[in-house]
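Here the structure is laid out as structure tokens; the discussion comes afterwards.
The values are calculated or read from the model by the stated rules, or taken from the named source; none is laboratory data. Predicted, not measured: the structure shown is a model, and the values here were computed from it. Cβ atoms come from the backbone with ideal geometry, glycine included; neighbour counts cover every protein chain shown. Heads up: the accessible areas ignore ligands, DNA and RNA and are worked out on the full protein's heavy atoms, side chains in. Shrake-Rupley method; radii C 1.70, N 1.55, O 1.52, S 1.80 Å.
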Amino acid sequence: MALHDQLSALAAELASALTSASDERALEELRIAYLGRSGKITEIRRGIGKLPPDERPTAGKSINDAVAGLEAQFAAAQQGIELRKLDAELERTLDVTLWNVPAPLGSFHPIRKTIDDACTYFVRHGFAVLLGPEVDTTRHNFDALNIPPDHPAREGFDSFYLRPDLLLRPHTSPMQIRAMEAYPPPIAIVVPGKCYRRDAVDARHLYQFNQIEGLQVGEGIHFGHLRGMLTGMCRELFGPRQEVRFRPSFFPFTEPSAEIDTTCPGCGGGGESCRTCGGSGWIEIGGSGMVHPNVLRAVGYDPDVVSGWAFGCGIERLAMVRYDIGDIREFIWNEPSFLEQLA
Amino acid sequence: MRTPLAWLRDYVDLPAETQAIVEKLAMLGFPVEAVDSPPPLSGIVAGKLAKVEKHPNADRLFVCSVDIGAQKPLTIATAATNVAQGQVVPVATIGAQLAGGLKIEPRTMRGIASEGMLVSANELGLEADWFEDGIMQLDPQTPLGSDVVKLFGLDQDVLEVEVTSNRVDAMSMLGLARELAAAFGTSVREPDSAVDYAAGGEFSVEIESPDCKRFVAQRVSNVQVRTAKTALRVRLALAGQRPISNVVDISNFVMLETGQPLHFYDYERLAGRRLIVRDARDGERVKTLDGIDYTLAPRMLVIADEQETQCLAGLKGAAASEVGPATREIAIEAANFTGARVRRMGSELALRSDASARHEKALPLALTDVGAARAARLLVDEGATVYAPHGFGQAAPAPPIVALRKREVRRLLGYELESAEIARILESLGFSVRESAVAHDGVFEVEVPLWRSDVTIEADLVEEIARLAGYDRVVAAIPPTGQQAIASEAYEMQRRVAETLAMLGYREVATLALQPASVHQRWGTNAVEIANPLSEDQHYMRFSLIPALLQLRQDKIFEIGDVFGDAGEIVEKTHAAFVRRTTAPQAQSWSDEQFVALKADAIAFVRRATGRLPDVRAAKHHGWHPGICAELTLDGNTIAIAGALDPRLGVQFETDGRVHVAQVDLAALPAPVVPRYRAPSRYPSLSRDLALVVDLGVSAQQIETVIGGAVDGLARTIRAFDEYHGPQVGAGKKSLAVRIVMQRDDATMTDAEADTAIEKILGALKSELGATLRSG
Ligand SMILES: [Zn+2]
């Protein structure tokens, strides 16, 4: 048989073989059989040696052309297989509603999230965030805050003592003293942190809780700045329509002093049988006021030159309102379902 | 403080709506915690029992003819036993509504048509035990037919008002009336204290202790002890005070009205007819009015006669000189004591009273005279003879003058107020204001009223002004903040640590920092003790975050918090701890996938928190498995400890599974550095694997370090990736597979270069660690 016919037959034979090659493995086997080291093409090439020398170049070229043709066939077959695979893949249908469970995320505790969000607001306005020790002296906790021994207000702080003059801080306010003793005015800080009071644990009380303290002292700082910053913090935490109102109160370390209320996020201030605010439209979030001149004097600031405000808010209270949590103990139970929901 | 609106209205005109009053009080700084509304009452009038006869058909019933000021008396049958002719009593007429929902209808009692019902105090919404057993008795002078409910304010709400500890003046009806009068722009009707004192009535009080600052004493004779007037009894009862007798009730009434606690002694039972204020004698005993025996100590202050204690100063009187039905003459005490001493005494004796609640705060000295005079007046109204008061101890100081600069109001509040408004506000609260013209600055000289002992400085006056002007007038503003001089690094580090652990898939938890003794005992350490724990469960401070995390029995959780140690001084550190827990069984004794996973987290953690990759070395730490514990270090300093929990602690804390724990002391973390980018080489790399045999004690880190050192910079990654123990390598040995990837920055690495490098590496490994190539 002439070389030409031989190559044509081979191409035809491959074409028919490829029609039954359904996957890449079958394709590879055919490739070895035709184009492999001991394949059919190799066998034909060996025949070139028997030809007269002047025919050999033409024959070589014919074989090379034929190889290109076979390779094109293989490429086409390969493409066909890939298309069939895609078609098969496209055929698949899953019940995408099966097993709707979120992947476990690493997460922050809701208390940290609330602290961070509050701090973020203050940082944006140029405040520093300080942390302080939970064990502190009676001087930092009381005396320098204008609560001398035997002051009736000292009774309000039912504290855990480690030594006669050392206690677990019942509020974050000692950091006011530490900060002002360490830095000259002007000063603008917030201090988040744990506090402790000898409260029996129930749905509304934990003996261990978190506060965020704010303090700004400088020339020309007034009550309006306190209202402005607290309004901003509440908007950061609860939404853009929050308002803040003050009610007169008494704290030995501020004068004037004020309780802080913010619009109830539960009802948007509408009240009417709202279980978050009890119908008043407001929720109480902490205490505040203008820093008492005795406190400024205790840290060596001149109350005639600088003035300042301070506030303290309970983080658990903020977080309970924010996430609509009814029982403060949820924060320490650490139920995975609780932590996951708020992640 | 329980505040009956019916009583408040004696001194000030108030809106009818309770809510308006409640809101005003709140905005003045006196939040109302509760509003007690009376039951609906109607149709109850004062009636006189003109005739009382036995019921003809029933032994236990009386038939009364009751004059209610109408043309025809009512016939009313009653089962009450305390009725008698001539009494004036509350009468529920047909259609009347009583407490408890009872509605009066005509009915026939054993053949007699009863046209109403005689009423007990309880049926008027009053405390049953505090009034007559049976039908309530009204003053004989009560106009017949008058509406009893309106007359005594039984339809008025009672407020529970919260008073801050600085405002002892507002722990009284007059104090709250003054606040409301100022807020509503009206004035207070001061009660009448005018008395013509009788001549004589000498009385001596010796004050031996500086803790009695003032003592106003006053003798009263011709006392007739009986039931007090109805209006007074009802006011006391609504305020939560049990009415006792006209005399005792007056002392309570004056305390609640003016804020000055009083004590009345039966004068004739005072030995030596005089009083001495002194320290108690050690072991001295006293029985108080409520019949309780107390043993005293010299820390306590008492008022005694010549023989024994007659009163615990500021707390409670003694039974020995109690005013009773036979009392004919009394001595009034209106005193002022050091608040702290009364408070300490009260807490030591576990005794508190309405009097001590006031004495504990800073009562003004001048109030003693006010209280004594008011009591005198009320006793005169009861027919007694009152002698002139005697003041002992310090005289009440002149009212202080506080200077108020107008600009200070603006400086603190941030908004301007007119001088006239400032003056008006202060005057409405009882301050006297004089504005003096000082250069360009308005200065007010403000005289503080005697009852406002809390106002001593300028800022106090600014608060008064702000309060009355309304805190709503404070205008919200964003303050200026300059260049921040204070670094937030501790907070930022904590945030970075929390963020990193969350990125690694850990969930943050929060546990309690106070623990029972069993925790540190099981852990085998000591802990900082709380001196005054509420319970044994909260007796010690946590020394580590780990025990509480173990008890949660969760996988991939972390906590950041302070832990406490006692090294003579209390040491407080901020730790982060993260935990993996699995119940899957252990595969090989020398490998631990959980540990590898935890360590990978720890390394990633250090890198993200500090910007640098740590070294790892084996270590031993209490709490961790002695053979599976690694330290992560930077510059030789330990940054974190990571390993398997000591299995003995696993048993102690019932972890019920394998637990791996890492702990970081946040103070040890260096401030993060910004990592520098190193562009990858453009030339291909060569990779060689070595199977080494080394002694069991040789660590992968040591091998990696030696390899890195041997071919300085050429080895781009060196990683021991497989460990094998077994017969093929022999006892005391292990096989480690190490992959070394080599690369040059300036040219393609040749096989020959790689071979040379491997030679050098093998030489160094052999000489430094005794490592050989594994054969076969
Ligand atoms: Zn609400």
Discussion item. Are there any GluC sites (Glu not before Pro) in the range A:269-343 that are in a DSSP loop and have at most 16 other Cβ atoms within 10 Å? List them by number.
Written reply: A:Glu272
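Run the dipole for chain B about the Cα centre, Lys and Arg Cβ at +1, Asp and Glu Cβ at -1, nothing else charged, and hand back the magnitude in debye, nearest 20.
That gives chain B a dipole magnitude of about 1480 debye.
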Discussion item. Would you work out the Kirkwood radius for chain B? I mean one over the mean of 1/r across all pairs of different Cα atoms, in Å.
Written reply: 34.8
Fill in: chain B - mean residue ellipticity at 222 nm from DSSP helices (-39,500 (n - 2.57) per run, n ≥ 4, rounded to 500)
-7500 deg cm²/dmol
Worksheet item: What trypsin sites (Lys or Arg not before Pro) in the range B:242-321 are in a loop by DSSP, with at most 12 other Cβ atoms within 10 Å of the Cβ?
Response: B:Arg299
Worksheet, complete the sentence: In chain B the accessible area split gives carbon plus sulfur, as whole percent at 1.4 Å, a share of 50
Response to the item:
Between A:Gly281 and residues 5 or more places away or on another chain, the pairs with built amide H atoms under 5 Å apart involve A:Gly271
Discussion item. Going by average Cβ density within 10 Å per residue, which order do the peptides B:344-354, A:42-52, B:60-70 take, highest to lowest?
Written reply: B:60-70, B:344-354, A:42-52
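Explain nothing, just the number: dipole magnitude of the range A:110-342 about its Cα centre with +1 on each Lys and Arg Cβ and -1 on each Asp and Glu Cβ, in debye rounded to the nearest 20.
Computed about the Cα centre, the dipole is about 200 debye.
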Practice prompt. May I ask for the Kirkwood hydrodynamic radius of the range B:594-669, worked out over all distinct Cα pairs and given in angstroms to one decimal?
Written response: 12.6
Worksheet, complete the sentence: Largest-first ranking of B:Arg434, B:Arg107 by accessible area, probe 1.4 Å, whole protein assembly kept, is B:Arg434, B:Arg107
Item to complete: In vacuum, with every alpha carbon of the range A:3-93 counted as one equal point scatterer, what does the Debye formula give for log10 I(q)/I(0) at q = 0.12, 0.18, 0.23 Å⁻¹? Two decimals, please.
Response: -0.44, -0.79, -1.11
Discussion item. Test of understanding: express the Cα radius of gyration of the range A:57-198 as a ratio to 2.2 N^0.38 Å, with N the residue count.
Written reply: 2.55
Worksheet item: Using modelled backbone amide H atoms (1.01 Å from N, in-plane), which distant-in-sequence or interchain residues come within less than 5 Å of B:Arg774's amide H?
Response: B:Ala691, B:Leu692, B:Val693
Fill in: Environment charge at B:Leu151 (Cβ cut-off 14 Å; Lys +1, Arg +1, Asp -1, Glu -1)
+1
Practice prompt. State the cysteines of the protein assembly as shown left without a partner when partners are defined as other cysteines whose beta carbon lies under 4.7 Å away.
Written response: A:Cys119, A:Cys195, A:Cys234, A:Cys313, B:Cys64, B:Cys212, B:Cys311, B:Cys629
Item to complete: Could I get the Rg over Rh figure for the range A:110-342? Both from C-alpha atoms, Rh via Kirkwood, rounded to two places.
Response: 0.96
Worksheet item: Going by a 1.4 Å probe on protein heavy atoms, which residues of the range B:27-42 end up with at least 10 Å² less accessible surface in the whole assembly than in their chain alone?
Response: B:Met27, B:Gly29, B:Pro31
Discussion item. For the full complex of protein chains and a 1.4 angstrom probe, list A:Tyr207, A:Tyr161 by accessible area with the highest value first.
Written reply: A:Tyr161, A:Tyr207
Practice prompt. Could you go through the range A:179-193 in sequence order and give the Karplus-derived ³J(HN,Hα) for each residue, using 6.51 cos²θ - 1.76 cosθ + 1.60 with θ = phi - 60°, rounded to whole Hz, and x for Gly and Pro?
Written response: 5, 6, 6, 8, 10, x, x, x, 9, 8, 9, 10, 9, x, x
Discussion item. Using a 1.4 angstrom probe on the protein heavy atoms only, could you order B:His539, A:His205 from most to least accessible area?
Written reply: A:His205, B:His539
Worksheet item: Among B:Ala737, B:Thr500, B:Thr227, which residue has its Cα positioned farthest towards the positive end of the charge dipole of chain B, with +1 placed on the Cβ of Lys and Arg, -1 on the Cβ of Asp and Glu, and the dipole taken about the Cα centre?
Response: B:Ala737
Practice prompt. Determine the total buried accessible area between chain A and chain B, counting protein heavy atoms only with a 1.4 Å probe; round to the nearest 100 Å².
Written response: 6500
Response to the item:
Excluding ligands, DNA and RNA, the carbon-plus-sulfur percentage of the accessible area of the range A:3-93 with a 1.4 Å probe reads 55
Worksheet item: How about the range B:1-103: which GluC sites (Glu not before Pro) there are in a DSSP loop, with at most 16 other Cβ atoms within 10 Å of their Cβ?
Response: B:Glu17
Item to complete: Using only Cα atoms, find the angle between the long axis of helix B:246-258 and the longest principal axis of chain B, and express it within 0 to 90 degrees, rounded to the nearest 10.
Response: 50
Item to complete: Return one whole number: the accessible area per residue of the range B:592-720 in Å², for a 1.4 Å probe.
Response: 51
Item to complete: Kindly list the residues of the range B:59-77 that lie in the label zone of B:Ser42, defined by a backbone N under 17 Å from the point 7 Å along the Cα-to-C-beta vector.
Response: none
Worksheet item: Using the Kirkwood formula over every pair of different C-alpha atoms, what hydrodynamic radius in Å results for the protein assembly as shown?
Response: 37.6
Worksheet item: Of the peptides B:702-709, A:321-328, B:656-663, how do they stack up when ordered by the mean number of other Cβ atoms within 10 Å, highest first?
Response: B:656-663, B:702-709, A:321-328
Worksheet item: In percent, how large is the relative contact order of the range A:3-93, given Cα pairs closer than 8 Å and 6 or more residues apart?
Response: 35
Item to complete: Grab the other residues whose beta carbon is less than 13 angstrom from that of A:Phe108, score K and R as +1, D and E as -1, and report the net.
Response: -1
Item to complete: Could you check how much of the accessible area of the range A:110-342 is carbon and sulfur, as a whole percent, using a 1.4 Å probe?
Response: 47
Item to complete: Compute log10 of I(q)/I(0) for the range B:425-479 with the Debye formula, placing one identical point scatterer on every Cα and leaving out solvent, at q = 0.30 Å⁻¹, to two decimals.
Response: -1.23
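Leaving out ligands and nucleic acids, note down the accessible area per residue over chain A with a 1.4 angstrom probe, in whole Å².
That works out to 46 Å² per residue.
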Worksheet entry | In Hz, Karplus ³J(HN,Hα) per residue of the range B:321-326 (6.51, -1.76, 1.60; θ = phi - 60°; x = Gly, Pro) | 10, 5, 6, x, x, 8
Worksheet item: Which cross-chain or sequence-distant (5 or more) residues have an amide H under 5 Å from the amide H of B:Ala198, H modelled 1.01 Å from N in plane?
Response: B:Val386, B:Tyr387, B:Ala388
Worksheet item: Does any residue of the range B:507-546 lose at least 40 Å² of accessible area with all protein chains in place compared with its chain alone, and if so which ones (probe 1.4 Å)?
Response: B:Arg507, B:Glu508, B:Ala510, B:Leu512, B:Leu514, B:Asn532, B:Leu534, B:Gln538
Discussion item. Quick one: 3J(HN,Hα) in Hz for the range B:36-45, Karplus 6.51/-1.76/1.60 with θ = phi - 60°, rounded, Gly and Pro as x.
Written reply: 8, 9, x, x, x, 10, 7, x, 10, 10
Discussion item. At 1.4 Å probe size, what's the solvent-accessible area of B:Lys213? Round to the nearest 10 Å².
Written reply: 60
Discussion item. What number comes out for accessible area per residue over the range B:216-347 if the probe is 1.4 Å? Units Å², please.
Written reply: 33
Discussion item. If I model a spin label as a point 7 Å beyond the Cα along the Cα-Cβ vector, how far apart are those points for B:Ser589 and B:Glu206 in nm?
Written reply: 9.0
Worksheet item: What number, in percent, do you get for the relative contact order of chain B if the mean sequence gap of Cα pairs under 8 Å and at least 6 apart is divided by its residue count?
Response: 8
Practice prompt. Could you give the size of the charge dipole of the range B:1-83 about its Cα centre, using +1 on the Cβ of each K and R and -1 on the Cβ of each D and E, expressed in debye and rounded to the nearest 20?
Written response: 440
Worksheet item: What angle, in degrees between 0 and 90 and rounded to the nearest 10, separates the Cα long axis of helix B:593-610 from the longest principal axis of the Cα atoms of chain B?
Response: 70
Response to the item:
GNM of chain A, Cα pairs under 10 angstrom: of A:Glu255, A:Glu181, A:Glu24, the biggest fluctuation goes to A:Glu24
Worksheet item: Taking the Cβ of B:Glu382 as the center, what net charge do the other residues with Cβ under 9 Å away carry, scoring Lys and Arg +1 and Asp and Glu -1?
Response: +1
